[in-house]
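The values are calculated or read from the model by the stated rules, or taken from the named source; none is laboratory data. These numbers come from a predicted model, not from an experiment. Note that we place each Cβ from the backbone using ideal geometry, even for glycine, and neighbour counts take in every protein chain shown. The accessibility values were calculated without ligands, DNA or RNA, using every heavy atom of the protein model including side chains. Shrake-Rupley method; radii C 1.70, N 1.55, O 1.52, S 1.80 Å.
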Amino acid sequence: MSTDDATEKARENGNGVELPSTQRLIPFENKEHNPESYEDMQLDYSPLLFSSLERYLPPNMLNLPRDRKFHFLSDILTRYSPQGEHTRVQKHRKYRQQILSNYEPRHKELYTMNAANFFVPSFLKAISENSEESFRSIMLEPTPGVYTFEMFQPKFCEMLMAEVESMERWVHDQRFHIICPNTMNKYGVVLDDFGLETMLNKLMDGYICPMSRVFFPEVGGLTLDSHHGFVVEYGVNRDIELGFHVDDSEVTLNVCLGEQFYGGDLFFRGVRCDKHVNTETQSEEVFDYAHIPGRAVLHRGRHRHGARATISGHRVNLVIWCRSSVFRELKKHQNDFSSWCGDCRREKKERQHLSVAATKMELLKRDGISAS
(Lines give C-alpha, C1' and ligand atoms only; values in the text may rest on other atoms or scores of the structure.)
Protein backbone atom coordinates (compact mmCIF):
# COMPACT_ATOMS: atom_id res chain seq x y z
CA MET A 1 0.00 0.00 0.00
CA SER A 2 1.36 3.43 -0.92
CA THR A 3 1.82 6.21 1.62
CA ASP A 4 -1.04 8.16 0.04
CA ASP A 5 -3.33 5.10 0.18
CA ALA A 6 -2.45 4.50 3.82
CA THR A 7 -3.12 8.14 4.69
CA GLU A 8 -6.46 8.02 2.90
CA LYS A 9 -7.44 4.84 4.72
CA ALA A 10 -6.51 6.39 8.06
CA ARG A 11 -8.83 9.26 7.28
CA GLU A 12 -11.85 6.99 7.01
CA ASN A 13 -13.78 5.08 9.61
CA GLY A 14 -15.76 1.90 9.11
CA ASN A 15 -18.63 3.83 7.52
CA GLY A 16 -16.48 5.42 4.84
CA VAL A 17 -16.87 8.90 6.33
CA GLU A 18 -13.80 11.02 5.86
CA LEU A 19 -12.27 12.21 9.11
CA PRO A 20 -9.52 14.72 9.86
CA SER A 21 -6.05 13.21 9.67
CA THR A 22 -5.45 13.95 13.36
CA GLN A 23 -8.17 12.03 15.18
CA ARG A 24 -7.80 13.73 18.52
CA LEU A 25 -9.99 15.73 20.81
CA ILE A 26 -8.60 19.03 22.01
CA PRO A 27 -7.47 19.09 25.70
CA PHE A 28 -9.80 21.90 26.78
CA GLU A 29 -13.56 22.41 26.65
CA ASN A 30 -15.16 24.86 24.20
CA LYS A 31 -17.66 26.27 26.71
CA GLU A 32 -19.31 28.58 24.16
CA HIS A 33 -20.23 25.73 21.83
CA ASN A 34 -23.80 24.43 22.05
CA PRO A 35 -23.56 20.68 21.34
CA GLU A 36 -26.07 18.62 19.38
CA SER A 37 -28.58 16.32 21.05
CA TYR A 38 -28.08 12.61 20.32
CA GLU A 39 -31.14 11.43 22.27
CA ASP A 40 -33.00 10.26 19.15
CA MET A 41 -30.19 8.00 17.91
CA GLN A 42 -29.61 4.30 18.56
CA LEU A 43 -26.28 4.38 20.40
CA ASP A 44 -23.98 1.96 22.17
CA TYR A 45 -23.02 4.71 24.61
CA SER A 46 -24.97 7.37 26.49
CA PRO A 47 -26.29 10.25 24.33
CA LEU A 48 -24.96 12.68 26.95
CA LEU A 49 -21.47 11.26 26.43
CA PHE A 50 -21.56 12.31 22.76
CA SER A 51 -22.90 15.78 23.64
CA SER A 52 -20.21 16.24 26.27
CA LEU A 53 -17.35 15.08 24.04
CA GLU A 54 -18.56 17.33 21.23
CA ARG A 55 -17.32 20.34 23.22
CA TYR A 56 -13.80 18.90 22.84
CA LEU A 57 -13.91 18.57 19.04
CA PRO A 58 -11.30 20.45 16.99
CA PRO A 59 -12.66 23.93 16.07
CA ASN A 60 -12.95 23.06 12.37
CA MET A 61 -15.38 20.22 13.22
CA LEU A 62 -17.82 22.05 15.49
CA ASN A 63 -20.14 23.14 12.69
CA LEU A 64 -20.10 19.92 10.69
CA PRO A 65 -23.38 17.98 10.25
CA ARG A 66 -24.33 15.90 13.26
CA ASP A 67 -23.76 12.56 11.49
CA ARG A 68 -20.16 13.55 10.68
CA LYS A 69 -19.50 14.43 14.31
CA PHE A 70 -21.25 11.25 15.44
CA HIS A 71 -19.03 9.05 13.24
CA PHE A 72 -15.89 10.86 14.40
CA LEU A 73 -16.76 10.46 18.09
CA SER A 74 -17.92 6.86 17.62
CA ASP A 75 -14.62 6.01 15.97
CA ILE A 76 -12.68 7.45 18.91
CA LEU A 77 -14.82 5.60 21.47
CA THR A 78 -14.46 2.34 19.57
CA ARG A 79 -10.68 2.68 19.23
CA TYR A 80 -10.12 3.58 22.88
CA SER A 81 -12.59 1.09 24.40
CA PRO A 82 -11.26 -2.45 24.93
CA GLN A 83 -12.80 -5.00 22.58
CA GLY A 84 -14.30 -6.82 25.54
CA GLU A 85 -16.04 -3.65 26.66
CA HIS A 86 -17.47 -3.06 23.18
CA THR A 87 -18.84 -6.62 23.10
CA ARG A 88 -20.33 -6.18 26.58
CA VAL A 89 -22.06 -2.97 25.48
CA GLN A 90 -23.56 -4.72 22.45
CA LYS A 91 -24.87 -7.61 24.57
CA HIS A 92 -26.32 -5.26 27.15
CA ARG A 93 -28.09 -3.31 24.44
CA LYS A 94 -29.86 -6.50 23.28
CA TYR A 95 -30.69 -7.40 26.89
CA ARG A 96 -32.23 -3.98 27.50
CA GLN A 97 -34.23 -4.09 24.27
CA GLN A 98 -35.74 -7.41 25.34
CA ILE A 99 -37.01 -5.79 28.55
CA LEU A 100 -38.33 -2.66 26.84
CA SER A 101 -40.20 -4.72 24.25
CA ASN A 102 -42.09 -6.70 26.89
CA TYR A 103 -42.41 -4.72 30.13
CA GLU A 104 -45.48 -2.46 30.45
CA PRO A 105 -44.87 0.49 32.84
CA ARG A 106 -47.25 0.88 35.75
CA HIS A 107 -46.76 4.64 36.23
CA LYS A 108 -45.97 6.09 32.81
CA GLU A 109 -45.71 9.60 34.27
CA LEU A 110 -42.39 8.56 35.86
CA TYR A 111 -40.78 8.08 32.46
CA THR A 112 -40.77 11.77 31.50
CA MET A 113 -39.30 14.54 33.62
CA ASN A 114 -42.06 16.39 35.47
CA ALA A 115 -40.18 18.61 37.91
CA ALA A 116 -43.26 20.13 39.58
CA ASN A 117 -44.55 16.66 40.50
CA PHE A 118 -41.19 15.13 41.39
CA PHE A 119 -39.32 17.69 43.50
CA VAL A 120 -40.14 19.68 46.63
CA PRO A 121 -40.55 23.46 46.01
CA SER A 122 -37.45 24.46 48.01
CA PHE A 123 -35.26 22.28 45.81
CA LEU A 124 -36.78 23.64 42.59
CA LYS A 125 -36.26 27.21 43.81
CA ALA A 126 -32.58 26.56 44.56
CA ILE A 127 -32.04 24.97 41.13
CA SER A 128 -33.78 27.86 39.33
CA GLU A 129 -31.56 30.41 41.10
CA ASN A 130 -28.53 28.24 40.28
CA SER A 131 -25.97 29.68 42.67
CA GLU A 132 -23.84 28.38 45.51
CA GLU A 133 -25.82 30.59 47.88
CA SER A 134 -29.17 29.14 46.75
CA PHE A 135 -27.88 25.56 47.01
CA ARG A 136 -26.43 26.07 50.47
CA SER A 137 -29.71 27.63 51.63
CA ILE A 138 -31.41 24.21 51.39
CA MET A 139 -28.42 22.03 52.35
CA LEU A 140 -26.59 20.77 55.37
CA GLU A 141 -22.91 19.81 55.12
CA PRO A 142 -22.49 17.70 58.26
CA THR A 143 -19.00 16.59 57.21
CA PRO A 144 -16.80 18.08 54.44
CA GLY A 145 -17.99 16.99 51.00
CA VAL A 146 -21.26 15.35 52.08
CA TYR A 147 -24.40 17.40 51.36
CA THR A 148 -27.92 16.52 52.47
CA PHE A 149 -31.17 18.21 51.41
CA GLU A 150 -34.89 17.65 50.84
CA MET A 151 -35.39 16.61 47.21
CA PHE A 152 -38.37 14.39 46.31
CA GLN A 153 -42.04 14.70 47.12
CA PRO A 154 -43.62 11.75 49.01
CA LYS A 155 -45.88 10.98 46.02
CA PHE A 156 -42.87 10.55 43.72
CA CYS A 157 -41.17 8.22 46.24
CA GLU A 158 -44.33 6.12 46.52
CA MET A 159 -44.80 5.91 42.73
CA LEU A 160 -41.18 4.90 42.12
CA MET A 161 -41.35 2.18 44.78
CA ALA A 162 -44.60 0.90 43.24
CA GLU A 163 -42.95 0.89 39.80
CA VAL A 164 -40.00 -1.11 41.11
CA GLU A 165 -42.42 -3.56 42.71
CA SER A 166 -44.15 -3.90 39.33
CA MET A 167 -40.80 -4.49 37.61
CA GLU A 168 -39.89 -7.21 40.09
CA ARG A 169 -43.29 -8.88 39.70
CA TRP A 170 -42.83 -8.93 35.91
CA VAL A 171 -39.35 -10.43 36.33
CA HIS A 172 -40.77 -13.15 38.57
CA ASP A 173 -43.75 -13.93 36.32
CA GLN A 174 -41.61 -14.05 33.19
CA ARG A 175 -38.81 -15.96 34.93
CA PHE A 176 -36.50 -13.36 33.46
CA HIS A 177 -32.96 -13.07 34.83
CA ILE A 178 -32.03 -9.44 35.42
CA ILE A 179 -28.64 -7.87 36.04
CA CYS A 180 -27.96 -6.85 39.65
CA PRO A 181 -27.64 -3.11 40.37
CA ASN A 182 -23.89 -3.46 41.02
CA THR A 183 -21.29 -5.96 42.20
CA MET A 184 -22.24 -5.55 45.87
CA ASN A 185 -26.05 -5.24 45.86
CA LYS A 186 -27.98 -8.39 44.94
CA TYR A 187 -31.47 -6.96 45.39
CA GLY A 188 -32.91 -4.09 43.39
CA VAL A 189 -33.36 -2.97 39.80
CA VAL A 190 -31.28 -1.06 37.23
CA LEU A 191 -33.80 1.62 36.26
CA ASP A 192 -32.03 2.47 33.00
CA ASP A 193 -32.73 -1.06 31.74
CA PHE A 194 -36.48 -0.62 32.26
CA GLY A 195 -36.83 2.58 30.21
CA LEU A 196 -36.02 5.28 32.75
CA GLU A 197 -32.64 6.21 31.23
CA THR A 198 -33.89 9.35 29.43
CA MET A 199 -35.64 10.67 32.53
CA LEU A 200 -32.59 9.99 34.71
CA ASN A 201 -30.35 11.67 32.12
CA LYS A 202 -32.48 14.79 32.44
CA LEU A 203 -32.38 14.50 36.23
CA MET A 204 -28.58 14.38 36.14
CA ASP A 205 -28.15 17.08 33.51
CA GLY A 206 -30.67 19.57 34.87
CA TYR A 207 -30.62 18.95 38.62
CA ILE A 208 -27.44 17.14 39.73
CA CYS A 209 -24.96 18.83 37.38
CA PRO A 210 -25.68 22.39 38.59
CA MET A 211 -24.79 21.38 42.15
CA SER A 212 -21.83 19.24 41.10
CA ARG A 213 -20.29 22.12 39.14
CA VAL A 214 -20.28 24.16 42.36
CA PHE A 215 -19.26 21.54 44.93
CA PHE A 216 -17.22 18.96 43.01
CA PRO A 217 -15.36 20.68 40.13
CA GLU A 218 -12.07 18.96 41.02
CA VAL A 219 -13.47 15.43 40.44
CA GLY A 220 -15.31 15.92 37.16
CA GLY A 221 -18.34 17.76 38.49
CA LEU A 222 -18.01 20.21 35.59
CA THR A 223 -18.22 17.51 32.90
CA LEU A 224 -20.67 14.79 34.03
CA ASP A 225 -21.87 13.04 30.87
CA SER A 226 -23.25 9.59 31.79
CA HIS A 227 -24.91 7.81 34.66
CA HIS A 228 -25.88 4.46 36.16
CA GLY A 229 -29.26 4.67 37.89
CA PHE A 230 -30.66 1.95 40.11
CA VAL A 231 -32.78 1.14 43.15
CA VAL A 232 -31.45 -1.00 46.01
CA GLU A 233 -33.45 -2.77 48.71
CA TYR A 234 -32.54 -3.73 52.28
CA GLY A 235 -34.35 -5.75 54.92
CA VAL A 236 -35.81 -9.23 55.43
CA ASN A 237 -35.11 -11.41 52.37
CA ARG A 238 -33.11 -8.56 50.88
CA ASP A 239 -29.59 -7.20 51.31
CA ILE A 240 -28.92 -6.53 55.00
CA GLU A 241 -25.88 -4.25 54.89
CA LEU A 242 -23.30 -2.90 52.49
CA GLY A 243 -19.56 -3.19 53.07
CA PHE A 244 -16.94 -0.45 53.04
CA HIS A 245 -16.34 0.70 49.44
CA VAL A 246 -16.08 3.52 46.92
CA ASP A 247 -18.53 4.02 44.03
CA ASP A 248 -17.85 3.70 40.31
CA SER A 249 -18.76 7.35 39.90
CA GLU A 250 -17.41 10.87 40.13
CA VAL A 251 -20.52 12.11 41.99
CA THR A 252 -23.19 10.00 43.71
CA LEU A 253 -26.78 10.95 44.54
CA ASN A 254 -28.41 8.67 47.13
CA VAL A 255 -32.06 9.24 48.09
CA CYS A 256 -34.07 7.16 50.54
CA LEU A 257 -37.54 6.46 49.08
CA GLY A 258 -38.94 4.63 52.15
CA GLU A 259 -40.48 2.59 53.69
CA GLN A 260 -40.63 1.76 57.42
CA PHE A 261 -37.26 0.51 58.67
CA TYR A 262 -34.82 0.57 61.55
CA GLY A 263 -31.05 0.84 61.07
CA GLY A 264 -29.28 1.07 57.74
CA ASP A 265 -27.27 4.22 58.50
CA LEU A 266 -24.62 5.28 56.00
CA PHE A 267 -21.10 5.62 57.37
CA PHE A 268 -18.48 7.80 55.67
CA ARG A 269 -14.72 7.45 56.13
CA GLY A 270 -12.88 10.03 54.00
CA VAL A 271 -12.14 10.61 50.31
CA ARG A 272 -9.35 8.58 48.68
CA CYS A 273 -7.69 8.05 45.30
CA ASP A 274 -6.95 4.53 44.01
CA LYS A 275 -3.54 4.45 45.69
CA HIS A 276 -4.91 5.29 49.14
CA VAL A 277 -8.34 3.63 49.02
CA ASN A 278 -7.50 1.23 51.89
CA THR A 279 -5.52 3.56 54.13
CA GLU A 280 -6.38 4.37 57.73
CA THR A 281 -9.31 6.66 58.52
CA GLN A 282 -8.57 9.88 60.40
CA SER A 283 -10.83 10.78 63.33
CA GLU A 284 -12.13 13.91 61.59
CA GLU A 285 -13.27 11.79 58.62
CA VAL A 286 -15.72 9.65 60.62
CA PHE A 287 -19.39 10.47 59.97
CA ASP A 288 -22.65 8.48 60.17
CA TYR A 289 -25.90 9.49 58.45
CA ALA A 290 -29.45 8.27 59.22
CA HIS A 291 -31.70 7.99 56.16
CA ILE A 292 -34.87 10.08 55.89
CA PRO A 293 -37.36 9.33 53.06
CA GLY A 294 -37.27 12.00 50.36
CA ARG A 295 -33.99 13.44 51.60
CA ALA A 296 -30.92 13.22 49.35
CA VAL A 297 -27.24 12.70 50.08
CA LEU A 298 -24.78 14.05 47.50
CA HIS A 299 -21.10 13.10 47.71
CA ARG A 300 -17.99 12.25 45.69
CA GLY A 301 -17.91 8.71 44.37
CA ARG A 302 -14.46 8.30 45.90
CA HIS A 303 -15.78 9.16 49.37
CA ARG A 304 -15.40 5.83 51.19
CA HIS A 305 -18.64 4.65 52.73
CA GLY A 306 -20.89 1.71 53.57
CA ALA A 307 -24.32 0.93 55.04
CA ARG A 308 -24.94 -0.57 58.45
CA ALA A 309 -27.39 -3.43 58.87
CA THR A 310 -31.09 -2.72 58.34
CA ILE A 311 -32.30 -4.47 61.48
CA SER A 312 -36.01 -4.48 60.69
CA GLY A 313 -38.46 -3.27 58.06
CA HIS A 314 -37.83 -2.56 54.37
CA ARG A 315 -35.57 0.25 53.10
CA VAL A 316 -35.54 1.32 49.42
CA ASN A 317 -33.01 3.81 48.01
CA LEU A 318 -32.59 5.45 44.62
CA VAL A 319 -28.90 5.75 43.69
CA ILE A 320 -27.49 7.57 40.67
CA TRP A 321 -23.80 7.22 39.87
CA CYS A 322 -22.81 10.24 37.76
CA ARG A 323 -19.68 9.88 35.65
CA SER A 324 -17.35 12.08 33.61
CA SER A 325 -15.49 10.50 30.70
CA VAL A 326 -13.30 13.61 30.45
CA PHE A 327 -12.21 13.45 34.09
CA ARG A 328 -11.47 9.73 33.82
CA GLU A 329 -9.25 10.28 30.80
CA LEU A 330 -7.38 13.18 32.43
CA LYS A 331 -6.94 11.19 35.67
CA LYS A 332 -4.88 8.58 33.79
CA HIS A 333 -2.16 11.19 33.30
CA GLN A 334 -2.09 12.57 36.86
CA ASN A 335 -0.14 11.53 39.95
CA ASP A 336 -1.19 14.21 42.44
CA PHE A 337 -4.78 14.17 43.71
CA SER A 338 -4.21 16.42 46.71
CA SER A 339 -7.15 18.64 45.68
CA TRP A 340 -9.55 15.90 46.78
CA CYS A 341 -7.76 12.82 48.24
CA GLY A 342 -7.28 13.14 52.00
CA ASP A 343 -4.05 11.13 52.09
CA CYS A 344 -2.55 12.84 49.03
CA ARG A 345 -3.22 16.15 50.78
CA ARG A 346 -1.56 14.98 53.98
CA GLU A 347 1.48 13.64 52.07
CA LYS A 348 1.81 16.94 50.19
CA LYS A 349 1.69 18.93 53.43
CA GLU A 350 4.31 16.64 54.94
CA ARG A 351 6.58 17.14 51.92
CA GLN A 352 6.11 20.89 52.19
CA HIS A 353 6.88 20.76 55.92
CA LEU A 354 10.06 18.75 55.33
CA SER A 355 11.09 21.13 52.54
CA VAL A 356 10.61 24.18 54.77
CA ALA A 357 12.50 22.48 57.61
CA ALA A 358 15.36 21.59 55.27
CA THR A 359 15.51 25.14 53.93
CA LYS A 360 15.62 26.55 57.47
CA MET A 361 18.40 24.15 58.40
CA GLU A 362 20.42 25.17 55.35
CA LEU A 363 19.96 28.86 56.13
CA LEU A 364 21.04 28.32 59.74
CA LYS A 365 24.15 26.49 58.57
CA ARG A 366 25.01 29.37 56.23
CA ASP A 367 24.45 31.93 58.99
CA GLY A 368 26.72 29.89 61.27
CA ILE A 369 29.49 29.84 58.66
CA SER A 370 29.12 33.57 58.03
CA ALA A 371 29.23 34.37 61.75
CA SER A 372 32.38 32.31 62.24
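Data table
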read-out	value
Cα-centred dipole magnitude for region 280-372, charges only on beta-carbon of K, R (+1) and D, E (-1), debye, nearest 20	340
Surface share of carbon and sulfur [accessible, 1.4 angstrom probe, percent] for region 281-368	57
Cysteines in the chain that, by Cβ-Cβ distance, have no pairing candidate under 4.7 Å	Cys157, Cys180, Cys209, Cys256, Cys322
Solvent exposure of region 206-361 as accessible area per residue, Å², 1.4 Å probe	44
Table column - 3J(HN,Hα) (Hz), region 163-176, Karplus curve with 6.51, -1.76, 1.60, x for Gly and Pro	5, 5, 4, 5, 4, 5, 5, 4, 4, 5, 5, 8, 6, 9
Inter-part distance where region 168-246 and region 51-82 are each reduced to a Cα centre, Å	27
Computed over region 243-338: relative contact order in percent, which uses C-alpha pairs under 8 Å that are six or more apart	48
Reachable aspartates and glutamates from Lys186, criterion Cα separation under 20 angstrom, eight or more residues apart if same chain	Glu163, Glu165, Glu168, Asp173, Glu233, Asp239, Glu241, Asp247, Asp248, Glu259, Asp265
Inter-probe distance in nm under a simple model that places probes 7 Å from Cα toward Cβ, at Lys31 and Val277	3.2
Protein-only accessible surface order, largest first, of Glu109, Glu32, Glu280 at 1.4 Å	Glu32, Glu280, Glu109
Relative contact order for the chain, counting Cα pairs under 8 Å that sit 6 or more residues apart, in percent	15
Cα-centred dipole magnitude for region 100-176, charges only on beta-carbon of K, R (+1) and D, E (-1), debye, nearest 20	180
Difference of contour (0.36 nm per residue) and Cα-Cα distance, Ser338 to Ala115	76.6 nm
Portion, in percent, of the accessible area of region 187-245 that falls on carbon or sulfur, probe 1.4 Å	48
Probe 1.4 Å - accessible area at Glu141, Å² to nearest ten	80
Gain on full stretching of the segment that runs from Arg169 to Asp367 - 0.36 nm per residue minus C-alpha separation	63.1 nm
Projected label distance in nm at Glu284 and Asn102, using a 7 Å step from Cα toward the beta-carbon	5.5
Relative contact order (%) - region 153-232, alpha-carbon pairs under 8 angstrom, separation at least six	30
Violating pairs (Cα-Cα greater than 29 angstrom) within the set Lys91/Lys155; Lys125/Lys155; Lys31/Lys202; Lys275/Lys360; Lys69/Lys332	Lys91/Lys155; Lys275/Lys360
Coil-residue trypsin sites (Lys or Arg not before Pro) of region 278-372, DSSP, other Cβ within 10 Å capped at 14	Lys332
